[in-house]
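Below you'll find the structure, written out as structure tokens, and then a few comments.
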2 protein chains.
Amino acid sequence: MSYLDQITSPTLLLDEKICRANIKRMADKAARHDMKLVPHFKTAQSHQIGDWAKEYNITEVTVSSIKMAEYLSGQGWVNIHIAFPFNPLEIPKLNKIAAKQSISVQLINAETTQMLADQLESSVGFFIEIDAGYGRTGVEVTDFGLIEEIMLIAKKSDKLKFKGFYLHPGHTYYMPDIPAIYEQSRNALGMLKNKYSTEFPNLVSRIGDTPGCAVMEDFEDIDEMGPGNFVFYDLMQAELGGCEKRDIAVCLAVPVVDIKKNRKEILVHGGGVHLAKDVLVGENGLKNFGEVVYLNENGWTIPEKKSFLKSISQEHGIIKASDELLAKVKVGDLLGILPVHSCMTADAMGEYITLDGKKVDHAEGARV
Amino acid sequence: MSYLDQITSPTLLLDEKICRANIKRMADKAARHDMKLVPHFKTAQSHQIGDWAKEYNITEVTVSSIKMAEYLSGQGWVNIHIAFPFNPLEIPKLNKIAAKQSISVQLINAETTQMLADQLESSVGFFIEIDAGYGRTGVEVTDFGLIEEIMLIAKKSDKLKFKGFYLHPGHTYYMPDIPAIYEQSRNALGMLKNKYSTEFPNLVSRIGDTPGCAVMEDFEDIDEMGPGNFVFYDLMQAELGGCEKRDIAVCLAVPVVDIKKNRKEILVHGGGVHLAKDVLVGENGLKNFGEVVYLNENGWTIPEKKSFLKSISQEHGIIKASDELLAKVKVGDLLGILPVHSCMTADAMGEYITLDGKKVDHAEGARV
């Protein structure tokens, strides 16, 4: 009996082999560059996938919320880092976790640093997040006044331990010149390390985006890398050149509910609540919410001729279908959809099914 | 103690008074037009909100998946309609529900109709979904061949009971001329009713979109209305003219984690996994992923000067802030965000908190 026989509704499939190969490839790359790989688990959010990662000598993880930190704590991680500007309302929850689990947070202002200094009950590490051009969050790289204000408040606390500088150059997702962004990022982290390493000889620098970590080979003296998406990859990463489509480790199985041959359209049960609504827009202006793969007992194959989700609503997905697909599909079949943004799809689905039909946990599905 | 004191992370607030007023207004409108209101519960997905609806003489609901039908079955609904082209892989689940709960499905092709005719174990009603111009799904209104093929297969089954025609003119969401769309829709449903009422004297016609049901006053002889979003409304509906912003019954409470006064930006914990990624694009090309309201003990107030989420990622939201907001906000505060698309936000959050701090259920949060 195939894993396919148990699927009757939208289901997120996980190919363990591809996932492990992705983890291994990035772990090998980190080792080659003498860097520590600390994967961002906002993508996988899973104990099971965490166990796979540990087999490749990954000992620490990053998350983006205290909820994920709670979920992953007590699972043997040497440290869990919350790579999101810390929310001071969650200090009581942090105290609870930190009593049992080594944990670090991310700081970008004096206010939160002071509240932590006042209220922490256990030792907690922290990174200062640096903005070297992305503009989403972080202390501007030349704002030494703020950097030193944070360090000074922390120094007066016996609980807050400075670990180093964290940089997420997220503009690698929409600006084509990744080498230029990385030069800027290396320079920023190198300068800061140089400036503060006398006072903090053990400080580390970490860089965090998947596109850059996937394509770059020059990290100079950056100590750690923290990509997340690479465990699954997705169509966005394939478009950015960080992976091939065959490296995508998850796909949404969707039931075919109608076929309009005259319009070359296939209606599937699979919409925004399953895939999320991230979209690629082609040069022709056509939107692409996911691409069709053919499911089989061993996983999936990528068709030669592309078929893709041209529109989605809450539960509906409409595939613009190739002639090849139209010739073989019928109502009641299952198709696979490679997601545009796998982190969001995994969060929306809240669990995975492997190709041998086993459930793999995800923090969202375990929330009750 | 206020409901606000228990909130430390992104939380979906529900103002029961506004929600009840929205339900009552639509129920009154339906009564005024001698129509039955069968709300689409893909928006609320809740037993509790269902109980409120029942107080306004609502006895039937619509859903968009068998999962929601399972969740709402056995809660005293006279009928549950699954307004999504039926997925034949789910016939065993349908049989299970139909053994205990009056239920109806939506059909648009002969294949699924035949599979139901062959495999149903209990009586199940069905609507034929009609496409009169939207183009997402449904039998084209003039495709009498297909309509009659479906009717004929059903007639040979003693389980499949034809109920009528269902039309969701979803183009009211992006085409400005709602009256023209409604004229087309009324004509389509009227023509079909006329054509088939001799054979099926009890057949009903139902129309299903919130923008039209909210703004139109001319439904001619359409029997039932099935809007969904109106229980909460959202910014998209306000932009379409179906509601005022003060009618929006849900808002996402988000913690403020950083403030960049020089850029007039506020960073909050609230991103795509909370709000979903639906977006409004202004005439100026600026994106709007949600608008700020000020929270207080009694709910929220809408500021005179607009502040809005200009960008979101998985967990981050960046607010473009008014001077008024910047003058009063500090790190550690909570702000409210009115969602662009409340159905998607509610599905992402999986539960609500009322203004007296009580949890209200949602099918997604109850999935385990």
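Each reported figure results from applying straightforward, stated rules to the coordinates on display, with no laboratory input. Everything numeric here is computed off the predicted structure, so don't read it as measured data. Cβ sites come from the backbone with ideal geometry, for glycine too, and all protein chains shown count toward neighbours.
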For the residue pair B:Asp158 and A:Arg136, what label-to-label distance in nm results when each label sits 7 Å from Cα along the Cα-to-beta-carbon direction?
-> 6.1 nm
Sorted by average packing, counted as other Cβ atoms within 10 angstrom per residue and highest first, what order do B:175-188, A:260-273 take?
-> A:260-273, B:175-188
Note, segment B:353-359: 3J(HN,Hα) by Karplus (6.51, -1.76, 1.60, θ = phi - 60°), whole Hz, Gly/Pro = x, goes 10, 7, 6, 9, x, 8, 6
Per-residue ellipticity at 222 nm attributable to helices in chain A (runs of n ≥ 4 DSSP H, -39500 (n - 2.57) apiece, nearest 500 deg cm²/dmol) works out to -8500 deg cm²/dmol
Cβ under 13 Å from B:Lys29's Cβ, B:Lys29 left aside: what net charge do those residues give with Lys, Arg +1 and Asp, Glu -1?
-> -1
Within 10 Å of the Cβ of an average residue in A:255-263, the count of other chain Cβ atoms is 5
When Cβ neighbours within 10 Å are restricted to other protein chains, what is their mean count per residue of peptide B:98-108?
-> 1
Within segment B:2-122, pairs of Lys residues whose Cα atoms are less than 20 angstrom apart, provided they are eight or more positions apart or on distinct chains, add up to 14
Out of B:Pro39, B:Pro201, B:Pro169, any idea which swings most in a Gaussian network model of chain B, alpha carbons joined below 10 Å?
-> B:Pro201
Residue farthest toward the positive end of the dipole of the protein assembly as shown, with Cβ of Lys/Arg at +1 and Asp/Glu at -1: which of B:Ala30, A:Gln6, A:Ile259?
-> A:Gln6
Subtract the Cα-Cα distance of A:Glu148 and A:Ala99 from 0.36 nm times their separation in residues, and report this length gain in nm to one decimal.
-> 14.9 nm
Starting at the first residue of segment B:326-339, write each ³J(HN,Hα) from the Karplus equation 6.51 cos²θ - 1.76 cosθ + 1.60 with θ = phi - 60°, in whole Hz, x for Gly and Pro.
-> 4, 5, 10, 7, 9, 4, x, 6, 10, 10, x, 10, 6, x
Amide H proximity to A:Asn79 below 5 Å, modelled H, separation 5+ or other chain, gives A:Val61
For the pair A:Arg246 and A:Val281, the simple spin-label estimate (label points 7 Å beyond Cα toward Cβ) gives in nm 3.3 nm
Quick one: if you stick a label point 7 Å off each Cα along the C-beta vector at B:Lys305 and B:Asp323, how many nm between them?
-> 0.5 nm
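Averaged over peptide B:276-283, how many Cβ atoms belonging to another chain are found within 10 Å of each residue's Cβ?
2
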Dipole magnitude of segment B:33-232, debye to nearest 20 (Cβ charges: Lys/Arg +1, Asp/Glu -1, about Cα centre) = 680 debye
Measuring from the longest principal axis of the C-alpha atoms of chain A, the long axis of helix A:178-196 (C-alpha) lies at a number of degrees, nearest 10, equal to 20 degrees
Which of the listed residues, B:Gly299, A:Gln101, A:Ile178, is farthest toward the dipole's positive end in the protein assembly as shown, when Lys, Arg count +1 and Asp, Glu count -1 at the beta-carbon?
-> A:Gln101
May I ask for the angle, rounded to the nearest 10°, between helix B:16-32 and the longest principal axis of chain B, with both axes built from Cα atoms and the value confined to 0 to 90°?
-> 30 degrees
Residue farthest toward the positive end of the dipole of chain A, with Cβ of Lys/Arg at +1 and Asp/Glu at -1: which of A:Val360, A:Ile128, A:Ala117?
-> A:Val360
